[in-house]
Amino acid sequence: MSLKIGINLIRNYSINFDLPKRSKKIIKFVIIHYTGMKKEVEAIERLSSPKSKVSSHYLIKNNGDILMLVPDTYTAWHAGKSSWKKYKSLNKYSIGIEISNPGHDYGYKKFSPKQIFSIIKLLEYLIKKYKLKKQNILGHSDIAPDRKKDPGEKFPWNKLAYKNLSNWHSISQKKLIKLRNIKLERKHQKKFQENLYNIGYPKIFPKNSKINKKNLITAFQRKFRQSLINGIIDQECFKISENLLKNK
């Protein structure tokens, strides 16, 4: 089956999903994951096993083939405890895409050109079908920064943005590199935290917040400043956050 997007789609259904069917209008997000397992076949088995209680709508294999595990009209179990803007527990509102990759625990590697081609084609299809905003194409670490790292700093968000499939800043690398590791004034550090919240990330203030500040900064860097992930706010990070809001 080609799904009218010019790539190979294989049905490999999982029983891990919620009934009843959901309305097309309720789908607001796409959440991108990596499988985080040593072997691709093990990841497919886990996403299909009733014992695991996890699933996603699609899985992109190493060779670029796409497995459909759960039809879009049902809620798959991929996001877990999560939030973005006013939304909580994003399973209900999202489509989950797993990409085969061993992840940080088992030798994290670059995503293959075939995988990137497939994710682009699949996103083009989903965005058009559900009228999704590019700002709502997210990584698992965006919506669960205290728990998740995927799809990680090797995922090419900038390539997706070039195709208008994801949010990205419009500042040249030449300008940004001059701001790297330059400390921020306290007032700008607070403003950066406010910027993250306005972008959509979970709130890390007031003091009783359960979200770890460093994990949140790291999640932001994994997506928008992938060449240096240290969990420390500097002028480069601040400038990117300001630009993202300006181009909203």
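Listing for the model above:
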| read-out | value |
| --- | --- |
| Highest-fluctuation residue, Asn167, Asn215, Asn12 considered, GNM on the chain with Cα pairs under 10 Å | Asn12 |
| FRET efficiency estimate (nearest 0.05) - Cβ-Cβ, Ser23 to Asn247, R0 45 angstrom | 0.90 |
| Simple label model, 7 Å out from Cα along Cβ direction - Lys190 to Asn12, nm | 5.1 |
| Percent of C-alpha pairs per 10 Å bin, the range 119-224, short to long | 13, 40, 35, 11, 1 |
| Above-threshold pairs, the threshold being 24 Å between Cα atoms, out of Lys128/Lys163; Lys61/Lys85; Lys25/Lys133; Lys24/Lys128; Lys134/Lys187 | Lys61/Lys85; Lys134/Lys187 |
| Stokes-Einstein D in µm²/s, Kirkwood radius over Cα pairs - the range 9-162 at 37 °C with 0.692 mPa s viscosity | 215 |
| In Å, descending, principal axis extents of the Cα set of the range 163-248 | 38, 30, 21 |
| Whole-number percent relative contact order across the chain, with pairs defined as alpha carbons under 8 Å at least 6 apart | 19 |
| Estimated 222 nm signal from helices in the chain, with DSSP H stretches of n ≥ 4 weighted -39500 (n - 2.57), rounded to 500 | -9500 deg cm²/dmol |
| Neighbour-count order for Arg147, Arg225, fewest beta carbons within 10 angstrom listed first | Arg147, Arg225 |
| Restraint check, Lys39/Lys149; Lys114/Lys246; Lys109/Lys131; Lys88/Lys213; Lys174/Lys223, Cα-Cα greater than 24 Å | Lys114/Lys246; Lys109/Lys131 |
| Per-residue Cβ neighbour rank within 10 angstrom, fewest leading, Ser227, Ser241 | Ser227, Ser241 |
| Antiparallel bridge percentage (DSSP; both residues within the chain; nearest 5) | 30 |
| Estimated vicinal HN-Hα couplings, Hz - the range 212-221 in sequence order (Karplus 6.51, -1.76, 1.60; Gly, Pro = x) | 6, 4, 5, 4, 5, 5, 4, 4, 4, 5 |
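All of the numbers you see were taken from the coordinates with simple rules; none came from a lab. Owing to the predicted nature of the structure, the values given are computational and were not obtained by experimental measurement. Quick reminder, even Gly has a Cβ in these numbers, built from the backbone with ideal geometry, and neighbours come from all protein chains shown.
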